[in-house]
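What follows is a set of notes on a single structure, which appears directly below.
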Amino acid sequence: MLRTPLGLRGTLRSACRTHTRATRVRIPWSPSLPQSLQTLQTARCFSEGLPAALPAANPAPVHAPQSSNSGSAPRSLEEAIAALRQWKGRGAPEPEELEQCLALAEGAPLERLADLAECFGELKLRLPLRNVITLATDRLAASSGSPGPEALSSVVRLLGASGRGTLFCGELFEFCNQHVAALEPADMAGYLYEAGRHGLRCRHYIDGAVERAAQLVPQMSIEDIMRTAQGLTRFSRDWRAFYVAALPKIQPQLKALSTTQTLIALRIARDLQSLPGFVDLHAQCCTVLMLKVETLTLAEGALCLRLSEHSARYRPQAQGLVRSVEQTWNQMELAGLQVVEVVDALNSFASWSMRPRELVHRLSDILVENLNELKYTGNVSLWITATQAFATMDMQNVSWPPRALSLARDRHFVERVSFFQQSHLICALARLRLFDEHVYNNIADLLLSDTELFKEINDLSRVLWSFALANYCHPKLFDMAFDKIIDWFDAEQLDVTKRVTQGALLQAVWSFTVAGYHKHYESFAAFLDYTFFAELQDTRAMALKRQAQIADAALHESPEIAALSQYSDEMRAFLADSKVRQHVSSNPACNTRLLKKVEGLLDEMGWVYDTFVMPNEASSACVHLSLERQLGKKLGIVMASRFDTFSVGLPEEGRPPRESGLLALLRSILAKHGWQVEVIFASEWEALGGIEEQRAFLQALAKTPQEDKAGVEQCRP
């Protein structure tokens, strides 16, 4: 074994080296080195990742504390430790004093070495701490026989000191692992806590101790239980035996726990919600935290939100905690939130279908202010997660979505995230009604490079829906999807008796219908067969309308291809079904505010009109305003709602809006029923100067020849 003599003065280079593992080489303390190098100036090693302040350029002199035997060197290690403790909060001792302590530590018992290590840890003296750990491991290596409880307790204390100094000493962990059966309850708690601090490199040690820890739960105090629980949280599902044993002791004492301990219990309950009793624990933790919500810090509130995202198993208390934090944050300054905490909060609100508009706007502004942090964070998909949350909440008019669109214009930036994150991104952009041709092409090209990852119809259908809804059906992507689904048909891979599969297939077939595939490919008849093979299990209005639009488009736009389907009669019967008619004719997507304005102007002009007119009893679409009685021709006006309109590019670019694929499909269907359809966008109407311009606008619509609008291919780029 090599050891550097204590008297040897190290060089600046050797003293500047940093290691995360306690080595067998002791590093000397030299008065020739700057004191800033002798003390640990990075509080990250001791204070949960927070950077320490740099030393001042001209630091104030630090006066040594006065002791009873001032002026004389300590004669024992106990005196040296007592002298060191007086330095706490006053600076760092002189190098000569530290070397004297290390010299006295030679041959000291483990208990005194543990005292000295804890003292160095409190003073943030990392290099002498490493030397003490080296002395301790030497002592353990030279010992023989079974250690007593005092020795094991001292080793655990040494582990704690090294952990606070971010030093990993495998010899200490190995020693505890060999004698895990002899550990006292408090020592077991300390051992597992320190093993959890070091994560994966100590997982095998925890695996060997969990069973014994579960047996010791009845003898543990609540403090020891929560300390152990904190060490095991990273892989709580794998180490559930301890938590199951600890649950009866945690629940009765929940109100006595600190906020940090309650949050640990909340995380455990979330991770183990599938096990009996842990949903109740989650509800109890939420209740306790609601009572102290006004005292929670921003970080603690954000953690509450992250640990209370929606689950069907949770009790109402979980949503109550989320609402309590939301109401508290409405009255607080949020500048101290980290970016990841903002995203956690947005995800939690979205999961509970909450839309606290004012708070969401403030959180969005924080993300925009920290755009560079989001862009260069190690979590490369964090900005996509934020975009998904805004899409789930249907918050289009906040500051973040346009910034996400600008990030997505960088192909190499989007390429950094996974295939499935790219799929989630295009879905979020479509739900936010944002369109940029460059962005959509980028994502389509990236998805085409990994088409083998489309394993399920669910993954493929939502991507197709996103492009179709934006009225931009990328030819290569749609052709690939069309061929892949036909292959699944041939392999009988799709079970349309399952509701999820049936819904995904319906979404894909609707997307192909928007793209016009029903007019060009005879093989589309197979898609119709699968769509109408079984009775629709999802009876919500959206699913019924979507299936009705497929049948209407196929029967009236391409009757020869519809005739190839085995279920052409079923399609006609479906369109005439009373339940379908009720859903199709009720609550059409319409900008009601714009409709009232246009109705008022038509009344002033003396024009005769009808509202919400269906072309016939088999149509899947209606016009919001019919001018047939006024003009003697089938002219209908559709008021585009915000769901029918896509913003194009960034707001500062000032591009005109784009109609959605749904609106284009309805326009095409109505044209086949003999109707000329004109669309009025709210932005277009508001841009008109006054009543005279609005009159002229309506009169121009009435004179537009029908052939200018009919027969347009829907969404091919």
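In the range 571-589, the qualifying residues are those that are of a type in the set (A, V, I, L, M, F, W, C), touching a residue at least 12 places away in the same chain (Cβ under 8 Å) and open to solvent by 20 Å² or more (accessible area, probe 1.4 Å), and the one that is nearest to THR513 (Cα to Cα) is PHE574. Considering only residues in the range 620-664 that are polar (S, T, N, Q) and in contact with a Lys or Arg (Cβ under 9 Å, 6 or more places away or on another chain), the one that is most open to solvent (accessible area, probe 1.4 Å) turns out to be SER647. A single member of SER466, SER406 is touching a residue at least 60 places away in the same chain (Cβ under 8 Å), in a helix (DSSP H, G or I) and of a type in the set (Gly, Ala, Ser), and it is SER406.
For the range 665-683, filtered to residues that are surrounded by fewer than 21 Cβ atoms within 10 Å (Cβ to Cβ) and charged (D, E, K, R), the residue that is nearest to LEU594 (Cα to Cα) is GLU678. Picking from TYR530, TYR517, which residue would you name as being touching a helix residue (DSSP H, G or I) at 6+ places or on another chain (Cβ under 9 Å), hydroxyl-bearing (Ser, Thr, Tyr) and at pLDDT 95 or above? Within the list TYR530, TYR517, the selection yields TYR517.
Residue-by-condition table, conditions (1) buried (at least 19 other Cβ atoms within 10 Å of the Cβ); (2) part of a helix (DSSP H, G or I); (3) out of contact with any Leu (no Cβ under 8 Å at 6 or more places or on another chain); (4) among the basic types (Lys, Arg):
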residue: GLU452; (1), (2), (3), (4): no, yes, yes, no
residue: SER461; (1), (2), (3), (4): yes, yes, no, no
residue: LEU477; (1), (2), (3), (4): yes, yes, no, no
residue: ILE486; (1), (2), (3), (4): no, yes, yes, no
residue: GLU492; (1), (2), (3), (4): no, no, yes, no
residue: VAL500; (1), (2), (3), (4): no, yes, yes, no
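Considering only the range 187-199, I want to know if a residue exists there that is open to solvent by less than 10 Å² (accessible area, probe 1.4 Å), more than 22 Å from LEU281 (Cα to Cα) and at pLDDT below 95. Yes: one or more hits. Here HIS556 meets the list (1) of a type outside the set (Asp, Glu); (2) assigned to a helix (DSSP H, G or I); (3) at positive phi almost entirely, failing just condition (3). Listed by position, the helices (runs of 4 or more DSSP H) inside the range 623-707 whose residues that are within 19 Å of ASN397 (Cβ to Cβ) and in contact (Cβ under 8 Å) with a residue 12 or more places away in the chain number at least 3 are 682-686.
Candidates in the range 551-570 are the residues that are touching a Phe, Trp or Tyr at 6+ places or on another chain (Cβ under 6 Å) and crowded, with 18+ Cβ neighbours inside 10 Å; of these, the one that is farthest from PHE532 (Cα to Cα) is ILE561. For the residues TRP400, TRP465, the requirement of being open to solvent by 10 Å² or more (accessible area, probe 1.4 Å), modelled with pLDDT of 95 or more, out of contact with any strand residue (DSSP E or B) (no Cβ under 7 Å at 6 or more places or on another chain) and of a type in the set (A, V, I, L, M, F, W, C) singles out TRP465.
Looking across the range 246-279 at every residue that is open to solvent by 70 Å² or more (accessible area, probe 1.4 Å) and under 17 Å from ARG315 (Cβ atoms), the one that is farthest from the chain's Cα centre (by Cα) is identified as PRO276.
Pairing residues of the range 590-604 that are open to solvent by less than 30 Å² (accessible area, probe 1.4 Å) with residues that are part of a helix (DSSP H, G or I) and of a type outside the set (Phe, Trp, Tyr), at Cβ distances under 6 Å and at least 6 apart in sequence or on separate chains, gives LEU594/ALA682; LEU601/GLN694. For the range 231-245, give me the residue count where each residue is surrounded by fewer than 21 Cβ atoms within 10 Å (Cβ to Cβ) and within 26 Å of THR297 (Cβ to Cβ). Of the residues in the range 231-245, 3 are surrounded by fewer than 21 Cβ atoms within 10 Å (Cβ to Cβ) and within 26 Å of THR297 (Cβ to Cβ). Of all residue pairs spaced 6 or more apart or on separate chains, those with beta-carbon atoms under 7 Å, a first member in the range 226-245 that is farther than 14 Å from GLN215 by Cβ and a second member that is among the acidic types (Asp, Glu) and in a helix (DSSP H, G or I) are SER236/ASP271; ARG237/ASP271.
Only one entry in LYS519, LYS545 is over 36 Å from the mean Cα position of the chain (by Cα) and among the charged types (D, E, K, R), namely LYS519. Within the range 299-320, can you find the residues that are within 16 Å of PHE278 (Cβ to Cβ) and either assigned to a helix (DSSP H, G or I) or of a type in the set (Gly, Ala, Ser) (or both)? Correct list: SER308, SER311, ALA312, GLN317, ALA318. Evaluate the range 367-376: report whether one residue or more is of a type in the set (Phe, Trp, Tyr), over 18 Å from LEU321 (Cα atoms) and more than 10 Å from the chain's Cα centre (by Cα). Checked against the condition, which is being of a type in the set (Phe, Trp, Tyr), over 18 Å from LEU321 (Cα atoms) and more than 10 Å from the chain's Cα centre (by Cα), the range 367-376 yields at least one hit.
For beta carbons closer than 7 Å, sequence separation of 6+ or different chains, a first residue in the range 263-275 that is modelled with pLDDT under 95 and part of a helix (DSSP H, G or I) and a second that is open to solvent by 20 Å² or more (accessible area, probe 1.4 Å) and not acidic (Asp, Glu), there are no qualifying pairs.
State whether one or more residues within the range 282-290 are assigned to a helix (DSSP H, G or I), open to solvent by 50 Å² or more (accessible area, probe 1.4 Å) and either under 20 Å from VAL210 (Cβ atoms) or charged (D, E, K, R) (or both). Scanning the range 282-290 turns up no residue that is assigned to a helix (DSSP H, G or I), open to solvent by 50 Å² or more (accessible area, probe 1.4 Å) and either under 20 Å from VAL210 (Cβ atoms) or charged (D, E, K, R) (or both).
Listed by position, the helices (runs of 4 or more DSSP H) inside the range 165-225 whose residues that are touching a residue at least 40 places away in the same chain (Cβ under 8 Å) number at least 1 are 170-178, 185-197.
Residue-by-condition table, conditions (1) touching a helix residue (DSSP H, G or I) at 6+ places or on another chain (Cβ under 8 Å); (2) within 30 Å of GLU211 (Cα to Cα); (3) β-branched (Val, Ile, Thr):
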| residue | (1), (2), (3) |
| --- | --- |
| GLN86 | no, no, no |
| GLU99 | no, no, no |
| ALA105 | yes, no, no |
| LEU152 | yes, yes, no |
| PHE175 | yes, yes, no |
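Of the listed requirements (1) farther than 19 Å from PHE643 by Cα; (2) surrounded by 15 or more Cβ atoms within 10 Å (Cβ to Cβ), LEU448 misses just one: (2). Taken over the range 511-550, the criterion of being in a helix (DSSP H, G or I), open to solvent by 10 Å² or more (accessible area, probe 1.4 Å) and within 21 Å of ALA671 (Cβ to Cβ) is satisfied by LYS519, LYS545, ARG546, GLN549. Against the definition (open to solvent by 10 Å² or more (accessible area, probe 1.4 Å), within 34 Å of the chain's Cα centre (by Cα) and either at pLDDT 90 or above or not aromatic (Phe, Trp, Tyr) (or both)), how does GLU617 come out, yes or no? So GLU617 does not fit the description; no.
The values are calculated or read from the model by the stated rules, or taken from the named source; none is laboratory data. What you are looking at is a predicted structure, and each value in this text was computed from that prediction instead of being measured. In this analysis, Cβ positions are derived from the backbone assuming ideal geometry, glycine residues included, and neighbour counts consider all displayed protein chains. Each accessible area value is taken on the protein alone, full model and side chains, heavy atoms only, with ligands, DNA and RNA left out. Shrake-Rupley method; radii C 1.70, N 1.55, O 1.52, S 1.80 Å.
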